[in-house]
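Have a look at the structure below, then the notes.
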Amino acid sequence: MLRLMRDPNLLPSEKQTLLSRIAGQAASMNMPCYLVGGFVRDLLLGRPVNDLDIIVEGDAIQLGHALVKKHGGKLTPHHKFHTAIWHMTPDTSALRTIDLITARTETYLRPGALPTVKPSTIEDDLHRRDFTINAMAIRMDGDHFGELLDPLNGQADLEKGVVRVLHPHSFIEDPTRIFRAVRYAERYSFILHPSSFILINPESLAILKSLSGERIRHEFDLIFSEERSFAMLLRLDELGVCKIFDPSLPKFDQKYSALLDSITPAELGISIDRVMLGYLLWLMDSPSHVIESLSGRLDFTSELTKALLAGVHLKNEMTSLKDAKPSTWTFRLEQVPLQAIYALWLVSGEPALKEFLTKWRHVKSHTTGDDLKARGLPPGPSYKEILNQLRAAWLDGEVHSIKDELQLLETLIVDS
Ligand code: CTP
């Protein structure tokens, strides 16, 4: 374990330094301090760790204040949850914030509700967790540095490649764990242990169905952030998860799976969020009414809903636009969010979409509204019309120089 903890490929040295500062402070306060959850799991798997999940047996807020006093920064305490966020200065760490959490037990007042928490021991804290592979801790303070706590045999399950819940009510207490189980199983190519698999049943699915749209959408967002999103969605579908939200929800089309992983060409000049692209590819072929109902059910952001609906409408118009002039394409595409155009280009390969993204959208007339005003044209809707016609002429190759544009402008002003 010590070797893994000191491996800079798994844990960059700046994180190691930060951890030893926290561990040193906790030791001086006689506060047992642990790294838990995904950190331990990924370290044991020999994967670089992302989150530093720190738990103390004691008051995490008190520890936070002591760290701020010694190393600077600011503390945001959350007294209700016995947690604190330490906002560090750039001198302390390149990481901006770190969560400090008090070991706790959780009780669920009703299935699917968010739990109530009470300070407790690390053992209890590990027992409240989702899967054995996430229920291990590494102690950090003083002479205990590097000790593994594994009361639920998580290490053995990691070695066997098994995702296993800690108790039969796990998916009922928190049915979002169904999504989590699928994410871990597909991410690590593990299997869901049969005793856990049978717990994904009509009872737990009914509770999952009752959760707020926001909680469920968050789980789908996490799926689309993963490399193997397609395999995860397929698995959720096989488990009957997707159809409980909307029976008309389509399967993620396998032929779009590679598109999600493709690198956006730099020449397009757009950056697209993988999560949004995931939803666009998933729902691109659905009718608008399915998108509208799903958007309400899963509490999609208005940005996402708008992109989805605009993308679907555009897709339906693609045949009629096929041989249209560049200006017709451009004026139509300007009503569609760039992400939706990009997704449709990935799916259809339509060259006009790429032309729009790389070139047409940047084409403007040289003449401006101010120029029209200077020529004594009374302001009004004719400004837009004239400027659009000039722009269309550039787009469609009818003018090639400023001189051409000015000639065209003269005729447009006479006609206006
Ligand atoms: N956890 C849980 N039940 C949940 C969510 C989280 O028991 N519904 C616990 C797990 O022990 C998990 C830890 O909280 O390891 C941290 O949760 P999270 O950050 O979501 O997961 P990670 O383990 O960090 O995994 P990932 O790599 O997916 O972020």
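The values are calculated or read from the model by the stated rules, or taken from the named source; none is laboratory data. The model shown is predicted, which means the values in this text are computed figures rather than measured ones. Here Cβ is always computed from backbone atoms with ideal geometry, including for glycine, and neighbour counts include all displayed protein chains. Areas reflect the complete protein model, heavy atoms only, side chains present, ligands, DNA and RNA absent. Shrake-Rupley method; radii C 1.70, N 1.55, O 1.52, S 1.80 Å.
Worth a mention:
- In the range 315-361, chymotrypsin sites (Phe, Trp or Tyr not before Pro) in a DSSP loop with at most 14 other beta-carbon atoms within 10 Å: none
- Check: the range 369-415 dipole with +1 on Lys, Arg Cβ and -1 on Asp, Glu Cβ, in debye: 180
- Packing-based order for 269-275, 20-26, using average beta carbon neighbours within 10 Å, highest first: 20-26, 269-275
- Eligible lysines near Lys15 by straight Cα distance, threshold 30 Å, same-chain separation 8 or greater: Lys69, Lys70, Lys74, Lys80, Lys118, Lys160
- Helix 213-225 and the long axis of the chain differ in direction by around 80°, with both axes built from C-alpha atoms.
- Here the dipole of the range 1-160 is about 440 debye; that uses its Cα centre as origin and unit charges on the Cβ of Lys and Arg (positive) and Asp and Glu (negative).
- Residues listed by number, the range 246-260, amide nitrogen under 17 Å from Ser293 label point at 7 Å toward C-beta: 246-251
- In a fully extended conformation the segment linking Glu227 and His362 would gain 45.3 nm over its present Cα-Cα distance, using 0.36 nm per residue.
- Surface composition of the chain: carbon plus sulfur atoms hold 53% of the accessible area, using a 1.4 angstrom probe and ignoring ligands, DNA and RNA.
- Theoretical gain in end-to-end length, Ala66 to Asp404 [0.36 nm per residue, Cα-Cα removed]: 114.5 nm
- Taking the charge dipole of the chain about its Cα centre, with +1 at Lys and Arg Cβ atoms and -1 at Asp and Glu Cβ atoms, the residue from Val162, Leu409, Leu280 reaching farthest to the positive side is Val162.
- Lysine pairs in the range 254-362 whose alpha-carbon atoms fall under 18 angstrom of each other, counting only those eight or more residues apart or on distinct chains, come to 8.
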